Amino acid sequence: MERREFAKDIFFASLAVTVSPLLPAQTGDESISPCLKIVMNNDSPQFDFFSIDSLGKNKLVENVVLHDEQWIKSKHSVKKKSNRTSYYKNVGTLNDQAVWDITTSKKSFIITSQYQPGYQQAFLFNIEQHANHATLLGMMEGADNMINLPALLHLPDMGSLRITCNVEGAKVNCTSKRFIEHPYVRLEFPAASEKHKKIEYSFEVVSIYPAINGIANDERYDGFRKNFISIFQVNPFLKILSNNSSSDACAFTLYKYAEVAAHTPPLVKGLSALDLIRMTLDRYLNGQLGYGMLGYDYDKTWDIPETPTTCNSLDSYPSLLISACTYAMANNDKKWFGENYAKIKAWSAKMLATDKDNDGLLEFCLSGNSGSWKGDKTQRPANWWDTIGFGHKDAYSNALAYHALVLLEKANEQFGSAIEALFFKEKAKKLKDIYTTTFYNTETGVLAGWKSADGKLHDYYFTFVNGVAISYGLIEPGLANNIMDKLLLKMKTVGFTNFELGMPGNLIPVIRADYTDLLLEVGGGKREDNLDGFQIYENGGATACFTYFTIRALQSLGRKKDADTILLPLLKSMSEGNFQGRCQNGRSKDWKTWTGECWGYEGFLVDNYMFLLSVLEKNNAGQRS
């Protein structure tokens, strides 16, 4: 997915596989408990070392702090005593009132600012993304980078911190940056003012996940408990949920966040994951673009045309529609649905308008014919899998469209009109009636990925296509079981058995003529059969992205043992932190070959975390819409 700056990101990543000189060794007084370790800076109100373990298992080795001398704006006198560190305005003087105090306890700490005229230096928390892809989850308004408190600071693989403040309406300045040597997420907590002479920022270490009986002491679920909300990352520049805090926002992934948000407990009092979905939807409804939408450009600085294809990706509007309906029904927000229904209906009209031949299926504007691609990143295919030549009738996007139509029917039954509900019900039926006959490949016994304009089926044993179609009810149970039998057998035949890596999206190589970007680092080999590019990135690379749908398909068919064969090793790998960070070759862990060699680029890709929903279905702790 979206890798416009792949080469630049890999260059800087290669610099960070050793310990950064900006991450100092542990020095000075420290606050330690099994879930919290802090070392304060000796000059300025900021951390030298910061680590949490929300499960209280004393996993506190990784320092997330980016310690940069340019951010020590002025030196302070510092007094450290027991669990308290105080910073004073005048160097060499300990008699005046502290401008900042940090008081720690076992699972929490408080940062206090006392007003002094002329003093405005913020408390800085500078987080190195190569150490942890942290995100500040909170509501954003207006054009600045301020995030409202209360908010939640989430550190994947570590846990979360609930942040509250004694001042109503308090905000935190949040910025992020990638494509530099040390990418970061930076939080600046404003100092007290004449209006608010004492400000207390309170931090509490927590784990946020749906309640499931019997997992509290089961180490297999440690990754689930720390990472259930890792799919949520707010990019403060775009002010919406994104691939990660310094990466692209993709309209076609929002539905995944919404499905997880529907099962997420409150993040902090007054803030839910569904609030973040609504915030993101509101921006899209008001014209904001994401990757996959015509005209999107992150910050107008990248050397790539703004419109790499001549239309929106085929999965963008289905994703937005699924998200809108999921949010409204999960939050029982009739008012929001009603106020925005005209725009939601307009999205549905744009989606349905892509059915050019009126057969019930959406068609992409590009043919998907073999050999029709330019072979570089300037031409994108129909969906999320943006280096594989999905075009014309795309099985994945149409499965999403079907789910969107079903949810539009349900949402209208709950909040809207019977006439609207019937309209979408008929559209869903029309799509379903033709889906299987269009995409089922009798030669392989599975669904093909797409049917190109020349009438050819393109079938590479796509695990995610078949999983999505079965999960969303497009395939009848008898055929669905046969399809899963074929896929599992093919997986065994080609030799993929290590589910700790996730799963490949396709089980055989996508030939060069069907691959849209022929750079080796994204799976484009030199051989016509593309065997030399196989297992790299989207060309059969293993990832946790989309594994949810294979697991869910098996669960929905009652095949719990088969589902657990994939899920349990994946949970183990998640608990070991194997989907964040980079390998010695500088490439990131979100994509790997079948032997575990890294070929990712993001450093952190939220799509990897959707599979944690499978734990709810495994334990009957959640019901899907």
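The values are calculated or read from the model by the stated rules, or taken from the named source; none is laboratory data. Quantities reported herein were computed from a predicted structural model and do not represent experimental measurements. Positions of Cβ are backbone-derived with ideal geometry, glycine not excepted, and every protein chain shown enters the neighbour counts.
Numbers for the structure displayed
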item	result
Among residues of segment 321-353, those that are over 12 Å from Ala404 (Cα atoms) and touching a residue at least 12 places away in the same chain (Cβ under 8 Å), counted	14
Selection count where residues are over 11 Å from Leu613 (Cβ atoms) and under 19 Å from the mean Cα position of the chain (by Cα), scope segment 545-561	3
Members of segment 119-168 that are under 18 Å from the mean Cα position of the chain (by Cα) and either not assigned by TED's automatic domain parsing to the domain that holds Glu181 or not in a strand (DSSP E or B) (or both)	Gln129, His130, Ala131, Asn132, His133, Ala134, Gly138, Met139, Pro156, Asp157, Met158
Index of the failed condition, Tyr184 passing every other in (1) in contact with an Asp or Glu (Cβ under 8 Å, 6 or more places away or on another chain); (2) on the phi < 0 side of the Ramachandran plot; (3) surrounded by fewer than 16 Cβ atoms within 10 Å (Cβ to Cβ)	(3)
Residues satisfying the stated conditions in segment 547-577, i.e. within 17 Å of Gly603 (Cα to Cα) and either assigned by TED's automatic domain parsing to the domain that holds Val64 or surrounded by 21 or more Cβ atoms within 10 Å (Cβ to Cβ) (or both)	Met574
Single residue of segment 481-495 satisfying the filter (of a type in the set (A, V, I, L, M, F, W, C) and within 20 Å of Lys560 (Cα to Cα)) that is surrounded by the fewest Cβ atoms within 10 Å (Cβ to Cβ)	Leu489
Qualifying position, being closer than 24 Å to Glu62 by Cβ and buried (at least 17 other Cβ atoms within 10 Å of the Cβ), among Ile208, Ile212	Ile208
Test set (1) surrounded by 23 or more Cβ atoms within 10 Å (Cβ to Cβ); (2) part of a helix (DSSP H, G or I) - Ala428 fails condition number	(1)
Any hit, segment 434-443, residues being over 24 Å from Met351 (Cα atoms) and touching a strand residue (DSSP E or B) at 6+ places or on another chain (Cβ under 8 Å)	yes
Index of the failed condition, Gly56 passing every other in (1) touching a strand residue (DSSP E or B) at 6+ places or on another chain (Cβ under 6 Å); (2) at pLDDT 95 or above; (3) closer than 25 Å to Gly581 by Cβ	(1)
Condition broken by Tyr221, with the remaining ones in (1) of a type in the set (Ser, Thr, Tyr); (2) in contact with a Phe, Trp or Tyr (Cβ under 9 Å, 6 or more places away or on another chain); (3) over 25 Å from Lys572 (Cβ atoms); (4) outside any loop (DSSP other than H, G, I, E, B) satisfied	(3)
One residue from Ser74, Ser82, Ser51, Ser44 being modelled with pLDDT of 70 or more, within 28 Å of the chain's Cα centre (by Cα) and closer than 28 Å to Ala192 by Cβ	Ser51
Scope segment 310-337; condition within 16 Å of Asp386 (Cβ to Cβ) and in a loop (DSSP other than H, G, I, E, B); matching residues	Thr310, Cys311, Asn312, Ser313, Leu314, Asp315
